[in-house]
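Working notes, structure below.
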Amino acid sequence: MSFDRDRSLLFVPPSTQDHIKGVLNATVVLVMYGDYECSQSADVYRLIKVIGQQLSVSLGENYLCFIFRYFPQIEIHSHAQRAAEAAEAAAVQGQFWPMHEMLFSHQQELGNGYLVEYANNLGLDISQFLQDISKKVYIDRINEDIESGLYSGVTATPALFINGIRYSERWKIEQLMATIITASH
């Protein structure tokens with residue numbers, strides 16, 4: 001496997017600032033840069049979820065850590081930025097992963113009215129949610145993810161890094177699973 005050193009390593013290491021499923025000191029840390037309006041991001045996220053469940057059963061809870069970072073491609077996805085803001089507003093209220101799931105499963109419905117409906121379904125404080133989004137409170141947080149992605153050579157989503165190294169194989173469960181397991185050795 002050949003790669004350009006500058007563009008294949010994760011520039012900003014995983015930290016507690018990230019949205020994390022699992023533990024940071026897991027055997028394998030998988031970082032995904034994604035866009036809520038990108039159908040491939042949703043497909044890859046679903047693959048990772050299945051792989052994560054299988055690996056936690058066979059290799060233990062602390063084997064795989066999954067981190068999601070925002071990379072809205074606003075030039076092609078008009079709702080991606082606002083969806084990321086909604087996820088971040090939900091995160092502040094302790095509901096990042098449920099909102100994350102909702103956004104990926106309703107990709108065709110990411111307009112403002114839908115985002116409020118999702119927040120309501122999750123029992124979020126709606127006035128706080130709306131205030132945070134209208135004041136663009138989380139733009140800087142989202143931009144940090146985008147910048148870290150750009151430093152790591154990310155130009156499109158989805159982009160995966162397994163233990164800090166860019167994954168550029170096919171988006172198939174077998175290949176991804178094999179790469180994750182190989183990364184632990």
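Here is a check on your reading of the model: is F96 at pLDDT 95 or above and in contact with a Ser or Thr (Cβ under 7 Å, 6 or more places away or on another chain)? Against the criterion (at pLDDT 95 or above and in contact with a Ser or Thr (Cβ under 7 Å, 6 or more places away or on another chain)), F96 does not qualify. How about the stretch 61-111: which of its residues are closer than 17 Å to D125 by Cα and of a type in the set (D, E, K, R)? Within the stretch 61-111, E85, E88 qualify. Listed by first and then second residue, the pairs linking a residue in the stretch 51-78 that is free of Cβ contacts under 8 Å to residues at least 24 places away in the same chain to a residue that is in a helix (DSSP H, G or I) and open to solvent by less than 20 Å² (accessible area, probe 1.4 Å), with Cβ atoms under 7 Å apart and 6 or more places separating them unless they lie on different chains, are I74/A80.
Summed over the stretch 136-145, the residues that are surrounded by 13 or more Cβ atoms within 10 Å (Cβ to Cβ) and in a loop (DSSP other than H, G, I, E, B) give a count of 2. Say whether the condition of being part of a helix (DSSP H, G or I) and open to solvent by 70 Å² or more (accessible area, probe 1.4 Å) is met by at least one residue in the stretch 152-173. No, the conditions are met nowhere in the stretch 152-173.
For (1) modelled with pLDDT of 95 or more; (2) closer than 22 Å to A156 by Cβ; (3) aromatic (F, W, Y), each residue gets a yes or a no:
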| position | (1), (2), (3) |
| --- | --- |
| F3 | no, yes, yes |
| T16 | no, no, no |
| M32 | yes, yes, no |
| V57 | no, no, no |
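Is one or more of the residues making up the stretch 126-135 among the hydrophobic types (A, V, I, L, M, F, W, C), at pLDDT below 95 and crowded, with 18+ Cβ neighbours inside 10 Å? Taking every residue of the stretch 126-135 in turn, at least one turns out to be among the hydrophobic types (A, V, I, L, M, F, W, C), at pLDDT below 95 and crowded, with 18+ Cβ neighbours inside 10 Å. Only residues that are acidic (D, E) and closer than 19 Å to A183 by Cα were counted across the stretch 21-79, and they come to 1. On inspection, I133 fails the criterion of being in contact with a strand residue (DSSP E or B) (Cβ under 6 Å, 6 or more places away or on another chain) and closer than 30 Å to F11 by Cβ.
All conditions but one from (1) over 17 Å from F66 (Cβ atoms); (2) in contact with a Gly (Cβ under 8 Å, 6 or more places away or on another chain); (3) of a type in the set (D, E, K, R) apply to E147; the one that does not is (2).
The values are calculated or read from the model by the stated rules, or taken from the named source; none is laboratory data. Everything quoted here is computed from the prediction, not taken from an experiment. Positions of Cβ are backbone-derived with ideal geometry, glycine not excepted, and every protein chain shown enters the neighbour counts. Side chains are part of the model used for accessible areas, which takes the heavy atoms of the whole protein and leaves out ligands, DNA and RNA. Shrake-Rupley method; radii C 1.70, N 1.55, O 1.52, S 1.80 Å.
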